[in-house]
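Below is one structure, written out as structure tokens; the observations come after it.
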Amino acid sequence: MKPRETFYDVMRRQGITRRSFMKYCSLTASALGLGPAFVPKIAHAMETKPRTPVIWLHGLECTCCSESFIRSAHPLVKDVVLSMISLDYDDTLMAAAGHAAERALEETIEQYRGNYILAVEGNPPLNEDGMFCITGGKPFVEKLRHAAKDAKAIISWGACASYGCVQAAYPNPTQATPVHKVITDKPIIKVPGCPPIAEVMTGVITYMLTFDRLPELDRQGRPAMFYGQRIHDKCYRRPHFDAGQFVEAWDDENARKGYCLYKMGCKGPTTYNACSTIRWNEGVSFPIQSGHGCIGCSEDGFWDQGSFYDRVTDLTQFGVESNADKIGMTAAAGVGGAVALHAAVSALKAAQRKTQNDVSEEA
Amino acid sequence: MVVQTPNGFELDNSGRRIVVDPVTRIEGHMRCEVNVDENGVIRNAVSTGTMWRGLEVILKGRDPRDAWAFTERICGVCTGTHALTSVRAVEDALGITIPDNANSIRNIMQLNLQIHDHIVHFYHLHALDWVNPVNALRADPKATSELQQTVGPNHPLSSPGYFRDVQNRLKQFVESGQLGLFKNGYWDNPAYRLPPEADLMAVTHYLEALDLQREVVKIHTIFGGKNPHPNWLVGGVPCPINMHSTGAVGAINMERLNQVSTIIQLCQDFVRNVYIPDVVAIGGFYRDWLYGGGLSSQAVLAYGDIPEHANNFDADQLHLPRGAIINGNLDEVHDVDVRDPEQIQEFVDHSWYDYGEPGRGLHPWDGVTEARFELGANTVGSRTNIENIDEAAKYSWIKAPRWRGHAMEVGPLARYIIGYAKGHDQITDQIKGLLRTMDLPVEALFSTLGRTAARALEAEYCADLQRYFFDKLVTNIRNGDESTANIEKWEPSSWPKQARGVGMTEAPRGALGHWVSIADGRIENYQCVVPTTWNGSPRDAKGNIGAFEASLMNTPMERPDEPVEILRTLHSFDPCLACSTHVMSPDGDELTTVKVR
């Protein structure tokens with residue numbers, strides 16, 4: 001086999017100059033919120049790294065995460081798949097099927113033991129011996145455990161893998177279970193959202209390739225760089241909230257002026273995500289900008305928090321910060337067990353830093 | 001053993017059994033088993049839906065205004081179509097009418113989904129059944145350029161240098177030894193028939209389409225805030241319109257409309273200059289491979305969609321046709337009434353559910369459902385390690401819906417056959433034009449290739465309709481109407497104590513219906529019958545096979561161990577398994593108390 005080509009090789013081959021390459025690195029650094037000191041680091045990583053093998057599994061899901069992933073504008077998904085990672089198994093996109101597909105999975109595990117990233121979309125159902133999701137004649141949960149065993153790290157794509165999402169909403173008839181409750185001995189990065197923003201997905205992967213480590217995670221296991229702040233914190237309609245200017249009914253005068261959607265049930269004040277900053281589909285819009293409140297799709301159990309049109313009630317207009325943090329803390333307490341397990345993994349331990357300032361380390 | 005099915009197929013399961021699991025490049029999880037005779041011809045086909053999520057159970061007791069968000073998560077590929085079906089069902093139940101602008105915006109979003117889904121399906125899920133990327137390495141870029149300029153002269157990306165660059169990139173990729181998604185493909189199988197130049201052109205467009213599709217969906221982002229899973233609203237659409245006044249930047253304004261218009265043009269150009277020419281060019285090399293027709297020549301169904309006027313779902317007011325054809329009689333298109341308990345019924349004799357008595361069929365209003373995962377006596381393997389499934393018993397998480405007892409095919413081909421049979425102007429013109437270009441008789445439609453071609457034609461029609469409804473929206477706004485939502489019945493206090501309704505759409509994959517009943521402001525029962533439930537249906541009590549199974553029958557395989565032909569035909573339906581699997585009660589209770597009128 002020839003030596004594997006690096007990002008830099010690929011970019012040069014595309015006719016990209018050294019100068020443009022360095023510009024790309026600096027853009028990447030700023031996109032990730034990193035200072036200019038990181039530019040040479042990124043450049044070095046891109047010059048020396050072969051493509052990292054990725055196994056992408058699908059459990060109970062709707063495939064919105066894959067659909068979101070292919071929407072990535074920077075980097076383009078074709079560049080991710082052709083030049084940055086080696087997507088060696090992904091049943092939604094791969095050419096082979098059946099035995100040939102299963103062989104691809106086994107070969108990848110065998111060849112890259114301990115060195116591949118396992119990306120999981122969807123989750124395993126545990127009821128009915130796991131047979132609510134069958135693949136290769138067996139319960140999906142077996143395949144998940146098998147592929148996780150030799151993975152370097154796991155990415156839990158979206159709300160399904162991170163928290164359970166819609167099939168785990170009450171009464172969770174299949175006992176759909178998030179990945180971290182089944183796999184407890186590997187570092188897991190949760191990238192929640194239904195789906196996550198495309199550029200957040202590729203941003204997480206690019207970060208891992210560039211710095212050869214996991215991104216800094218918050219206490220729920222989410223990359224702090226993208227999930228560290230509430231949508232409300234950076235919402236362009238925030239001044240209307242502060243000024244007490246609210247939409248009172250759909251399509252009213254205030255809606256047409258783009259006032260705050262808080263009274264229409266917007267969950268922006270309690271939702272940690274990057275929608276109001278990175279926005280969606282190359283920054284074209286995000287739910288609030290298009291007139292509908294945030295439904296909180298990147299929060300644990302958002303399906304069971306009442307109607308999407310119920311006002312967030314324990315949020316006083318001028319005491320937003322402390323109340324919203326209480327909500328964040330309650331959510332964090334629920335995953336305490338999982339966090340403890342993660343902490344045992346040294347690679348992850350370094351990344352465990354508090355990111356929600358008001359929440360104490362012991363929560 | 002040889003069995004004759006009532007719908008005209010001869011099943012023989014005595015030959016060698018071939019298993020394909022997972023069936024890849026679909027949405028969700030699916031298994032397929034076939035028996036081939038000594039000549040490698042498929043003589044028995046068994047398709048199994050291998051996942052179930054239970055969304056309809058989860059919907060019970062919820063606020064009906066929230067249902068769109070739950071049902072939208074049935075599928076992230078046909079994102080939005082379940083949401084639209086859901087808001088229509090709730091509006092139907094509560095007697096809510098929507099403004100004209102909301103109808104135009106919803107239509108634009110639904111058409112946008114059709115176009116996006118058809119393009120992504122053809123290039124990213126289906127193309128590798130016809131196109132061999134490894135063979136593209138042998139292509140002459142100059143000859144590829146000539147081919148491009150012949151089949152798609154209006155597409156600007158056509159120079160020899162352009163194709164050489166793509167080929168070089170592909171070469172480096174292959175030579176890296178990390179084949180990624182192409183790993184373990186069937187690249188030396190003679191079922192692939194394209195010359196290297198056509199392969200290179202198609203692989204190039206695979207990459208172009210990957211870039212294009214992320215532009216296409218921005219229409220959803222503008223009106224719905226994001227894609228996948230844009231936001232919807234019972235009573236209209238959530239995005240307000242403000243063309244003239246202060247604060248217009250917080251609403252649909254001139255800049256937003258201009259962006260929508262630009263994307264509509266992009267859709268029209270790509271479909272006309274790339275997608276259709278590719279289907280014609282690729283199809284030309286497979287024009288005698290006319291297998292896979294299955295049920296399409298005898299039983300097809302469509303509910304119709306894209307209403308011209310808000311709140312009017314009469315068949316003659318829909319741009320996508322409604323109707324049912326049975327017994328292969330194209331001279332008679334039956335009207336379809338989704339409320340009629342005699343028309344649509346679901347059976348579970350071969351599905352992992354229990355209706356209490358064999359052979360019982362229930363209309364969605366009446367959906368009693370109870371899960372029963374059990375395998376037949378002739379299963380090879382165990383309960384959690386199925387090697388060969390026993391189709392004489394229960395064998396799928398998909399129910400078997402029937403229209404007046406008939407197994408039906410739904411989807412673009414079904415819509416186009418019905419449109420053709422009804423003499424729908426644009427559809428008839430498109431079909432005749434394509435057949436003339438390819439020099440094929442109308443019977444060629446009833447095939448895997450026909451299904452794939454109908455999807456491309458439909459993308460073209462939908463792209464033009466997208467423009468039509470954009471113009472209609474702008475005209476209406478210019479006439480002074482900026483309304484996008486009707487909130488008269490937003491508050492549950494304004495609702496009747498009991499209500500029930502039906503929503504229908506034509507999803508990219510076919511006829512989609514949601515049936516909702518509401519009591520005391522809450523969802524009492526919710527049932528979805530989705531396209532892949534129709535197409536992926538297992539056998540029913542009488543032994544009728546479903547559309548997937550029928551389509552595989554009598555297809556010769558070049559190499560039975562390499563399921564290229566099976567994948568080609570199954571993919572031509574664009575299967576969506578997350579959509580197709582049905583409802584149960586966790587404790588086995590009856591899920592509905594609603595009685596048929």
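Every read-out reported here was derived from the displayed coordinates using simple, explicitly stated rules and does not represent laboratory data. These figures come from a predicted structure and were not determined experimentally. Methodologically, a virtual Cβ is constructed for each residue, glycine included, from the backbone with ideal geometry; neighbour enumeration extends over all protein chains shown.
Here are some notes:
- Once the chain from residue B:360 to residue B:342 is taken as fully extended at 0.36 nm per residue, the excess over their C-alpha distance is 5.2 nm.
- Counting only DSSP beta bridges whose two residues both lie in the protein assembly as shown, roughly 70 percent are antiparallel.
- Taking a point 7 Å from the Cα of residue B:439 along the Cα-to-Cβ direction, the residues of the stretch B:252-287 with backbone N closer than 20 Å to it are B:277-287.
- Rounded D (µm²/s) - the stretch B:427-541, Kirkwood Rh over Cα pairs, Stokes-Einstein at 10 °C, 1.306 mPa s: 85 µm²/s
- Cβ-placed point charges (K, R +1; D, E -1), dipole of the stretch B:373-509 about Cα centre in debye, nearest 20: 380 debye
- When restricted to Cα atoms, the protein assembly as shown yields an Rg and a Dmax of 26.4, 78 Å, respectively.
- Residue B:266 paired with residue B:38, simple spin-label distance in nm, labels 7 Å along Cα-to-beta-carbon: 5.7 nm
- Using the Cβ-Cβ distance between residue B:175 and residue B:312 with R0 set to 60 Å, the FRET efficiency from 1/(1 + (r/R0)^6) comes to roughly 0.55.
- Quotient of C-alpha Rg and 2.2 N^0.38 Å, computed over the stretch B:59-139: 1.57
- Residue B:332-residue A:243 pseudo-label distance in nm [points 7 Å out on the Cα-to-Cβ vector]: 6.7 nm
- Amide H within-cut-off set for residue B:363, under 5 Å, with H built and near neighbours excluded: B:346
- Divided by 2.2 N^0.38 Å, where N counts the residues, the Cα radius of gyration of the stretch A:51-227 comes to 0.95.
- With 26 Å as the limit on Cα-Cα distance, the pairs of A:143/A:181; A:234/A:263; A:138/B:171; A:263/B:226 that go past it are A:138/B:171.
- Taken one residue at a time, the phi angles of the stretch A:100-110 give Karplus couplings (6.51, -1.76, 1.60, θ = phi - 60°) of 5, 5, 5, 5, 4, 5, 4, 4, 5, 4, 5 Hz. Gly and Pro are set to x.
- Rounded if a/c under 1.5, otherwise prolate or oblate - chain B, Cα gyration tensor axes: oblate
- Toward the positive end of the charge dipole of the protein assembly as shown, with +1 on the Cβ of Lys and Arg and -1 on the Cβ of Asp and Glu, the farthest Cα among B:9, B:412, A:172 is that of A:172.
- Spatial separation of Cα centroids for the stretch B:310-378 and the stretch A:221-284, in angstrom: 42 Å
- About its Cα centre, the dipole of the stretch A:51-227 is roughly 360 debye, where the only charges are +1 on Lys and Arg Cβ and -1 on Asp and Glu Cβ.
- Additional length obtainable on full extension of the chain from residue B:479 to residue B:2, 0.36 nm per residue less Cα span: 165.1 nm
- Size descriptor, Kirkwood hydrodynamic radius, that averages inverse alpha-carbon separations across the stretch A:62-164, Å: 14.7 Å
- Förster radius 41 Å - calculated FRET efficiency between residue B:390 and residue B:464 (Cβ-Cβ, nearest 0.05): 0.25
- For chain B, a crude dipole built from +1 on the beta carbon of Lys and Arg and -1 on the beta carbon of Asp and Glu, taken about the Cα centre, is about 780 debye to the nearest 20.
- Based on C-alpha pairs under 8 angstrom that are at least 6 apart in sequence, the stretch A:51-227 has a relative contact order of 24 percent.
- Rg(Cα)/(2.2 N^0.38 Å) for the stretch B:360-517, N = residue count: 1.51
- The relative contact order of chain B, computed from alpha carbon pairs under 8 Å that lie at least 6 residues apart in sequence, is 26 percent.
- Distance (nanometres) between label positions extended 7 Å along Cα→Cβ at residue A:253 and residue A:185: 6.6 nm
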